[in-house]
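Have a look at the structure below, then the notes.
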Amino acid sequence: MISVSVLGASGYTGGELLRWLHGHPGVRIAHLGAHTRSGEAVEAVWPHMRSLSSAELAAPDPGRVAEDSDLVFLALPSGASMDVVPTLLEAGTRVVDLGADFRLTDAGSYERWYGHEHTAPKLLAEAVYGLPEMFCEAIRGARLVANPGCYPTATALALFPLQREGLIQGAVVVDAKSGVSGAGRTPSLHTSFSEVDGNVRPYSVGEHRHTPEIEQTLSGQGAPIRLFFVPHLIPMTRGVLASCYVRLNGEMRQQEILDLYGATYASSPFVRVMEELPQTKATLASNFCDVTVRVDARTGQATAIAAIDNLVKGAAGQAIQNMNLMFGLPETEGLWTVPVFP
């Protein structure tokens with residue numbers, strides 16, 4: 001039985017971790033940490049957990065948490081994990097960080113995109129990027145896993161087969177759309193009902209913080225890649241749909257490219273390669289990523305499309321998938337469930 005703790009248990013990602021960990025047969029929850037809701041019962045913070053957990057949230061104490069945790073999930077705001085991770089690792093506790101602090105390998109790049117200095121730069125070289133479909137073996141032996149963001153997960157899985165085969169020519173345009181939960185639980189004018197309902201809004205065009213993460217991940221699989229990333233907020237709670245527009249380096253027939261995707265993800269249990277166009281509703285509340293690609297022979301272009309639930313495959317579910325690999329459990333343990341539809 002793996003003893004796990006969650007720091008940042010009062011945010012949407014933390015709450016989703018609790019939901020999945022509650023049904024995982026291989027874990028027990030040791031600590032639930034949250035600064036803003038310290039002292040409150042789980043069911044007071046998360047009404048869907050009513051009668052399922054009698055635990056209380058406590059003020060995070062990394063030293064105490066490390067004493068009886070085999071692994072700690074960090075669902076903390078940007079900039080907070082780097083202050084906690086060294087203490088946990090020194091105590092021999094393994095970490096899955098669901099924030100952005102250890103995703104970029106270069107401290108200078110982190111500072112440019114996130115606006116503050118990285119206080120644990122020596123750990124950047126050790127952190128393993130936690131996208132199992134691309135880095136499975138490295139994850140197994142890792143002490144520190146940097147869980148990918150939701151946009152990078154969908155985009156990387158959509159483009160990985162093309163990038164690995166050298167089929168991408170020039171810059172890639174990524175048109176991505178996310179449900180409101182991706183912005184977190186802290187109240188904001190831009191995510192209020194009256195602002196979101198009946199509205200679609202682009203934001204951070206060409207300057208979104210996930211841009212270097214996606215470029216870094218895909219550039220490691222072949223030639224350096226550049227992308228123009230355009231995210232949109234849409235009026236739904238969960239889901240990410242990434243449409244990636246690529247000029248192909250050579251001729252590829254539709255079935256030939258679908259076969260390439262099928263071969264790439266043949267051993268990836270949570271990636272479903274399909275002929276149909278993906279939709280977010282078909283992945284709702286699951287750890288699946290639905291992927292397809294369409295070739296336009298007339299223009300020499302391809303559109304690679306991926307759909308995920310941003311809180312599951314884009315956050316908590318992928319974190320548990322990484323935990324399973326780190327502790328030698330079946331990759332699908334505690335995660336194999338049918339999406340919710342409609």
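The values are calculated or read from the model by the stated rules, or taken from the named source; none is laboratory data. Quick caveat: nothing in here was measured; it's all calculated off a predicted structure. No Cβ is skipped: glycine too gets one built from the backbone with ideal geometry, and neighbour counts run over all protein chains shown.
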Exercise. Which residue, of Ala158, Ala91, Ala138, Ala107, is in contact with a His (Cβ under 7 Å, 6 or more places away or on another chain) and more than 21 Å from Glu16 (Cβ to Cβ)?
Worked result: Ala107
Exercise. If you check Ala158 against the conditions, is it assigned by TED's automatic domain parsing to the domain that holds Ala263, among the small types (Gly, Ala, Ser) and either farther than 20 Å from Glu207 by Cβ or surrounded by fewer than 22 Cβ atoms within 10 Å (Cβ to Cβ) (or both)?
Worked result: yes
Exercise. Does segment 242-259 include one or more residues that are in contact (Cβ under 8 Å) with a residue 40 or more places away in the chain, in a strand (DSSP E or B) and among the polar types (S, T, N, Q)?
Worked result: yes
For this session: Can you tell me which residue within segment 177-196, out of those that are touching a Leu at 6+ places or on another chain (Cβ under 7 Å) and outside any helix (DSSP H, G or I), is surrounded by the fewest Cβ atoms within 10 Å (Cβ to Cβ)?
Result: Lys177
For this session: Scan segment 260-276 for residues that are outside any helix (DSSP H, G or I) and surrounded by 14 or more Cβ atoms within 10 Å (Cβ to Cβ) and jot them down.
Result: Tyr265, Ser268, Pro269, Phe270, Val271, Arg272, Val273, Met274
Seminar exercise, completed: Residue hits (segment 108-145; under 21 Å from Gln221 (Cα atoms), of a type in the set (A, V, I, L, M, F, W, C) and either free of Cβ contacts under 8 Å to residues at least 12 places away in the same chain or part of a helix (DSSP H, G or I) (or both)) are Met134, Phe135, Cys136, Ala138, Ile139
Problem set entry | Residues (small (Gly, Ala, Ser), in contact with an Asp or Glu (Cβ under 9 Å, 6 or more places away or on another chain) and over 19 Å from Gln169 (Cα atoms)) located in segment 203-241 | Gly239
For this session: Would you please name the residue that is surrounded by the most Cβ atoms within 10 Å (Cβ to Cβ), looking only at residues in segment 53-84 that are of a type in the set (Gly, Ala, Ser) and not in a loop (DSSP other than H, G, I, E, B)?
Result: Ser81
For this session: Enumerate the pairs (first residue in segment 56-76 and among the hydroxyl-bearing types (Ser, Thr, Tyr); second residue anywhere and crowded, with 24+ Cβ neighbours inside 10 Å) with beta-carbon separation below 9 Å, excluding pairs fewer than 6 apart on the same chain, so at least 6 apart or on different chains.
Result: Ser69/Val4; Ser69/Ser5; Ser69/Leu88
Problem set entry | Matching residues in segment 241-255 - criterion: being within 29 Å of the chain's Cα centre (by Cα) and either charged (D, E, K, R) or exposed (fewer than 10 other Cβ atoms within 10 Å of the Cβ) (or both) | Arg247
For this session: Please find, among Ala107, Ala142, Ala138, Ala146, the residue that is in the same structural domain as Tyr12 (by TED's automatic domain parsing) and more than 30 Å from Gly250 (Cα to Cα).
Result: Ala107
For this session: Go through the residues of segment 214-225 one by one and say whether even a single one is charged (D, E, K, R) and modelled with pLDDT under 95.
Result: no
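For (1) without any contact (Cβ under 8 Å) to a residue 60 or more places away in the chain; (2) aromatic (Phe, Trp, Tyr), each residue gets a yes or a no:
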residue	(1), (2)
Trp20	no, yes
His24	no, no
Val27	no, no
Ala30	yes, no
Thr36	yes, no
Val42	yes, no
Val85	yes, no
Leu104	no, no
Exercise. In segment 22-52, how many are buried (at least 18 other Cβ atoms within 10 Å of the Cβ) and assigned to a loop (DSSP other than H, G, I, E, B)?
Worked result: 4
Exercise. Does segment 1-17 contain at least one residue that is at pLDDT below 95, more than 28 Å from Gly115 (Cα to Cα) and touching a Phe, Trp or Tyr at 6+ places or on another chain (Cβ under 9 Å)?
Worked result: no
